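Engineer: The following block contains the structure, expressed as C-alpha cells.
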Amino acid sequence: MHNVISVLIKQRQQVVSALGQHVALSLISILIAIVIAVPLAIVLRRHKHLAEFCLQITGIFQTIPSLALLGLLIPFVGIGTTPSIIALVVYAIMPIFQDAYSGLTSIDNSLEEAGHAFGLSYWQRLWIYELPLAMPMIVSGIRIATVLVIGTATLAALIGAGGLGTYILLGIETNNNSLLIIGAVLSALLALVFSGVIKLISKLSLKKMVIALITLLVIICGGLGYHAYSSAQQAKNVVIAGKLGSEPDILIHMYKDLIHQQDPHQKITVKPNFGTTEFLINSLKSNRINIYPEFTGTVLESITKQPQLINRDPKVTYRIARDGLKRDFDMSYLKPMHYQNGYTLAVRKSFAEKYHLHTISDLKRIAPKLHAGFDPDFAKQRDGYPGVSKNYDLKFKYKTMSPAIRYKAIANDRVNIVDGYTTDPQIRQYHLQPLRDNHKFFPPYQGAPLMKQSFLSRHRSIKKALEKLSGHITDRQMQEMNYLVTIKHESAGKVARHYLLVHGLIKK
C-alpha cells in the first residue's frame, strides 16, 4: 500500500491525465450508444421481426473479442481515440437497445388504447407515458453498458488512446504491482461512480433528464472542440513517443532534453507508453508522432521484415536497417547508441556458481536439469529458443509465460533459467547471472531515433542534437537506469536528465 501511495504522489499528474482520458473515452462512447440505441428501439418497437434481427446483429458484435475488434478497425480508421470509441460504442449498443426495446414493448395495451381514445398523437403518447414507463429498463441497460465500457476501455491503451489501461499494461510489462493496482482500482471506482450518477439521474423527471443529457452533450462537444484546437496547436510541436516500459520512457526524455538544449524555443510533446511497434510505426507514417526510439533487430524482424539479412556485426545490422527504412518508408534512422537491448539467457547466481556456468555452451553439461520459463515469442521465433537449440545443440524442457511472470518464477525457484533482455532491471533485482552468448548467436539490438525524412528535412538541428547520444550508454548503465525507474520508481525524466548532465551531453 505504501508503494501505491508513493507512485500516486510521484505520478499524480500522469494519473489524473490517464483518468481524464478514460472518463472522456467512456462518456463519449456511452452517449453515442444512447443516441443510437434508444431511438432505434423507439422506431423498431412496432416491428418485431426487424427488432429481433437487430438484436441478433448486436449480439454477434458482442461476441467479438475486444482486441480482435480493435485490430479489425485499425486498417480503416487508424489507431488512437477513433477506433477505441467505435469499438466501445459497438459493445454498448446491445444492452441499451435490448433493455430499451423490452421496456417499450412491455407497456400495458390498455394504456395504449386509452391514449388513442383521448386522441393523443404518437409523440404525445411517447413523451407522456411510454418513455417514463420504459425509463427504469432503459436506465438499467445504460448502467450495464457503462460498466462494460469502462472495463473494456482499458484496452484502448494498446492502440495509443491512453486511459487507465496504460497503468495496467505497464504494471504487467514491468512487473510493478503498484501500477497494476492503480489502473485496476481506479477503473473499478470509476465504474461505481458512473453507475451511482446514472442512478441519481434516473430519479429526475423525463424533462429534466433530457435537459441534463443535452447539457452533457454540449459540454462534450465543447470539450471535443477544445481538444481539436489543442491538437491543432500541438501539431506545431515535436511529438516524441515511446513503447511500453521504463527504457523507452527514459530514452524519449533524453531526446526531449537534447533537443531543448539545441533549440530552447522548440515546443516538444512527450508520449510515453504509447503502444507496440506496429502502432508506433503507423503513427509515424501518419504524422501523429515525429520521433521514437527503435532497435535494429526489431527493424529487420518486424518493420522491413528482412530477417534473412540480419548480420551479427552491429555495424552491418544498423546499415541494413537504415537502408531498408530509407528505401521502403523514406524514413531516417540516426546513428545508434552503444548498448544492445538484445536477448540473453539468465540463471540465478547461486545456480551459476553451483554448476560453473559462464556461457550458453556450458548449459549443455546440465541440460537434463534445466527447466525454463520463456516468453511466448522467444519460445517460437527463429532468433529465440529454436535458434539457440540448433546453434548450441542444446535441448531442455520449458514452459511459456508472460515476461513479468517468468522473472517471478525464477526468483521463486519454479524454473531455473529464463530468457530476458540484457538491460532488464530484474536481472539486478533478482540477482541473476546472464550467460555469455559465446557463439554470438543473438542478433544485435542497438537503439536509435527513427523519424520520417520529410520531418528531418524541416528540423535539421534535431539530427545534430539526437546524435550526441550515438555511441553512448553501456548495457550496465541502461540496466541501472531501468532499475531506478522500474524498481525504485524514480521519474524517467529525472533519471534521463541526470545521465545527460553527468556525461556532459547537456548543460545545467
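Engineer: Which condition number in (1) over 25 Å from SER461 (Cα atoms); (2) at pLDDT 80 or above is the one that HIS227 fails?
Structural biologist: So HIS227 meets the others, but not (2).
Engineer: Another question about this same structure. For the range 418-441: of the residues being aliphatic (A, V, I, L, M) and closer than 13 Å to LYS349 by Cβ, which is surrounded by the fewest Cβ atoms within 10 Å (Cβ to Cβ)?
Structural biologist: Step one: filter the range 418-441 for residues aliphatic (A, V, I, L, M), giving 418, 427, 432, 435.
Checking which are closer than 13 Å to LYS349 by Cβ leaves us with 427, 432, 435.
Numbers: ILE427: 22, LEU432: 24, LEU435: 19.
Ranking the qualifying residues of the range 418-441, first place goes to LEU435.
Engineer: With the condition kept exactly as written, say whether any residue in the range 364-376 is touching a residue at least 24 places away in the same chain (Cβ under 8 Å), in a helix (DSSP H, G or I), touching a Gly at 6+ places or on another chain (Cβ under 7 Å) and of a type in the set (A, V, I, L, M, F, W, C). If you could, list the steps in order and put the result at the bottom.
Structural biologist: Step one: list which residues in the range 364-376 are touching a residue at least 24 places away in the same chain (Cβ under 8 Å), which gives 364, 367-376.
Cutting the leftovers down to in a helix (DSSP H, G or I) gives us 364, 367-369, 376.
Among the residues that remain, those that are also touching a Gly at 6+ places or on another chain (Cβ under 7 Å) are: none.
No - not one qualifying residue is present in the range 364-376.
Engineer: Further question on the same structure: Going by the structure shown, is SER66 in contact with a helix residue (DSSP H, G or I) (Cβ under 8 Å, 6 or more places away or on another chain), surrounded by 13 or more Cβ atoms within 10 Å (Cβ to Cβ), outside the structural domain of LEU284 (by TED's automatic domain parsing) and hydroxyl-bearing (Ser, Thr, Tyr)? Steps first, please.
Structural biologist: Values: in contact with a helix residue (DSSP H, G or I) (Cβ under 8 Å, 6 or more places away or on another chain): yes; surrounded by 13 or more Cβ atoms within 10 Å (Cβ to Cβ): yes; outside the structural domain of LEU284 (by TED's automatic domain parsing): yes; hydroxyl-bearing (Ser, Thr, Tyr): yes.
Judged against the criteria, SER66 is a match.
Engineer: Moving on to the next point. Got a sec? Which helices (runs of 4 or more DSSP H) wholly within the range 105-212 have at least 1 residues that are within 36 Å of the chain's Cα centre (by Cα) and closer than 30 Å to PHE76 by Cβ? Can you show your working first?
Structural biologist: On the way: elements: 109-117, 122-125, 131-152, 165-174, 177-202.
Result: 131-152, 165-174, 177-202.
One line per residue, one yes/no per condition, for (1) outside the structural domain of ASN273 (by TED's automatic domain parsing); (2) modelled with pLDDT under 75; (3) in contact with a Ser or Thr (Cβ under 6 Å, 6 or more places away or on another chain):
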{"residue": "MET137", "(1), (2), (3)": "yes, no, yes"}
{"residue": "ASN176", "(1), (2), (3)": "yes, yes, no"}
{"residue": "LEU190", "(1), (2), (3)": "yes, no, no"}
{"residue": "VAL193", "(1), (2), (3)": "yes, no, no"}
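Here is a yes/no grid of residues against (1) outside any helix (DSSP H, G or I); (2) out of contact with any Ser or Thr (no Cβ under 6 Å at 6 or more places or on another chain); (3) buried (at least 16 other Cβ atoms within 10 Å of the Cβ):
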position	(1), (2), (3)
THR269	yes, yes, no
LEU280	no, yes, yes
THR317	no, no, yes
LYS326	no, yes, no
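Engineer: Residues of the range 400-437 being touching a strand residue (DSSP E or B) at 6+ places or on another chain (Cβ under 6 Å), outside any loop (DSSP other than H, G, I, E, B) and without any contact (Cβ under 8 Å) to a residue 60 or more places away in the chain, which ones?
Structural biologist: Correct list: THR400, ARG406, ALA409.
The values are calculated or read from the model by the stated rules, or taken from the named source; none is laboratory data. Keep in mind it's a predicted model, so treat the numbers as computed, not measured. Here the Cβ is made from the backbone with ideal geometry for all residues, glycine too, and neighbour counts use every protein chain on show.
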